[in-house]
Amino acid sequence: MRLTVLGCAGSYPSAESPASSYLIEHDGHRIVLDLGNGSVGALQGHIALTWPGALDAVVLSHCHLDHCADLGSLYVQRHYYSSTTERLPVLGPSDSRSRAVGIYGKADEAGLDEEFDFVTFGREPMLVGPFTIEVARAVHPVEAYSVRVTAGGRSITYSGDTAINDRLIDLARDTDVALFEASFIGTDFPPGVHMSAGEAGRAAREAGASRLVVTHLVSMNDPAVVLAEATAAFDGPATLAASGLVIDV
């Protein structure tokens with residue numbers, strides 16, 4: 001399984017990176033975790049969206065703009081510039097369909113259904129090609145989820161946007177890659193919204209993750225401080241996410 005970071009900027013795109021988006025590939029199949037602002041452009045640097053079956057699914061952790069805005073761009077590409085006739089599954093929270101339609105500007109809630117098949121997360125694991133997708137409710141001001149993707153006996157657990165919580169740690173138990181957000185540094189930050197770098201490291205350590213990749217990097221934070229705080233709390237290798245980073249899991 002291969003992880004490619006398309007975008008890792010927190011809250012809005014930075015000069016160096018689109019907002020949150022991650023390409024996962026295995027055995028000729030591909031899914032994308034989140035499609036934040038600018039990510040469809042980065043995605044085309046890795047796959048040709050005109051390929052039949054270029055993507056197996058989009059998986060949305062939640063529907064804040066920095067995690068789903070480019071679903072509108074993907075709709076335009078598929079609707080006007082693609083020969084595929086199959087609808088693309090979009091797995092996500094219960095409000096994914098209505099939020100995507102609102103972002104695009106359609107008056108009808110079914111306005112994107114010609115290209116997308118919106119599927120709401122359930123309690124049971126979901127199968128997409130070779131990928132098994134499991135979710136746990138995140139702690140965030142909107143309906144949001146952390147996501148674990150397993151294929152070929154390897155796993156990536158993506159925190160999405162969340163405050164630290166036991167559900168995330170349980171979901172990430174013994175995962176190969178903990179792709180965890182770190183929106184804050186230090187200890188003085190609002191509760192119940194995001195993790196700090198130190199909390200990302202602690203959550204990955206308590207989950208027994210083999211590797212930590214720190215993401216959702218907010219431009220006001222010094223990346224060196226983010227990595228130092230995450231590394232201090234984690235007992236394995238830790239890496240800062242960067243647009244274009246590729247990890248063979």
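The values are calculated or read from the model by the stated rules, or taken from the named source; none is laboratory data. Predicted, not measured: the structure shown is a model, and the values here were computed from it. Every residue, glycine as well, gets a Cβ built from its backbone with ideal geometry; the counts of neighbours run over all protein chains shown.
Kindly provide the set of residues from the range 180-208 that are acidic (Asp, Glu), surrounded by 14 or more Cβ atoms within 10 Å (Cβ to Cβ) and more than 17 Å from the chain's Cα centre (by Cα), ordered by number. Write out each step before concluding.
Filtering the range 180-208 for residues acidic (Asp, Glu) gives 181, 188, 199, 206.
This time we only want the ones that are surrounded by 14 or more Cβ atoms within 10 Å (Cβ to Cβ), so: 181, 199, 206.
Within the range 180-208, GLU199, GLU206 meet the criteria.
So which residues in the range 5-24 are surrounded by fewer than 22 Cβ atoms within 10 Å (Cβ to Cβ) and not in a loop (DSSP other than H, G, I, E, B)?
The one that is surrounded by fewer than 22 Cβ atoms within 10 Å (Cβ to Cβ) and not in a loop (DSSP other than H, G, I, E, B): LEU23.
If only one of VAL225, VAL218, VAL214 is closer than 23 Å to SER11 by Cβ and either of a type in the set (Lys, Arg) or over 20 Å from the mean Cα position of the chain (by Cα) (or both), which one is it?
On the way: VAL218 fails: either of a type in the set (Lys, Arg) or over 20 Å from the mean Cα position of the chain (by Cα) (or both); VAL214 fails: either of a type in the set (Lys, Arg) or over 20 Å from the mean Cα position of the chain (by Cα) (or both).
Going through VAL225, VAL218, VAL214 in turn, the sole match is VAL225.
When residues of the range 148-170 are filtered for being in contact with a helix residue (DSSP H, G or I) (Cβ under 9 Å, 6 or more places away or on another chain) and buried (at least 24 other Cβ atoms within 10 Å of the Cβ), how many remain?
Qualifying residue count for the region: 6.
Counting only residues that are among the small types (Gly, Ala, Ser) and more than 13 Å from THR84 (Cβ to Cβ), which one in the range 30-61 is nearest to the chain's Cα centre (by Cα)?
SER61
Being under 20 Å from ASP66 (Cβ atoms) and hydrophobic (A, V, I, L, M, F, W, C) is the filter; apply it to the range 209-227 and report the residue that is surrounded by the fewest Cβ atoms within 10 Å (Cβ to Cβ).
For the range 209-227, the residue satisfying everything is MET220.
Just give me the residues in the range 106-136 being free of Cβ contacts under 8 Å to residues at least 12 places away in the same chain and either within 22 Å of HIS64 (Cβ to Cβ) or not aliphatic (A, V, I, L, M) (or both), in sequence order.
The answer is LYS106, ASP108, GLY111, GLY122, ARG123, GLU124, PRO125.
Taking the range 123-142, which residues are farther than 21 Å from GLY201 by Cβ, at pLDDT 95 or above and not hydrophobic (A, V, I, L, M, F, W, C)?
GLU124, PRO125, GLY129, PRO130, THR132, GLU134, ARG137, PRO141
Looking only at the range 72-84, decide whether some residue is of a type in the set (A, V, I, L, M, F, W, C), in contact (Cβ under 8 Å) with a residue 60 or more places away in the chain and in contact with a helix residue (DSSP H, G or I) (Cβ under 6 Å, 6 or more places away or on another chain). It would help to see each step written out before you state the result.
Going through the range 72-84, the residues of a type in the set (A, V, I, L, M, F, W, C) turn out to be 74, 76.
Now narrow it down to the ones that are in contact (Cβ under 8 Å) with a residue 60 or more places away in the chain: none.
No, there is no match, as no residue in the range 72-84 is of a type in the set (A, V, I, L, M, F, W, C), in contact (Cβ under 8 Å) with a residue 60 or more places away in the chain and in contact with a helix residue (DSSP H, G or I) (Cβ under 6 Å, 6 or more places away or on another chain).
Mind listing whichever residues of the range 13-60 are in contact with a helix residue (DSSP H, G or I) (Cβ under 6 Å, 6 or more places away or on another chain) and in contact (Cβ under 8 Å) with a residue 40 or more places away in the chain?
Matches in the range 13-60: PRO18, ALA19, SER20, SER21, ASP34.
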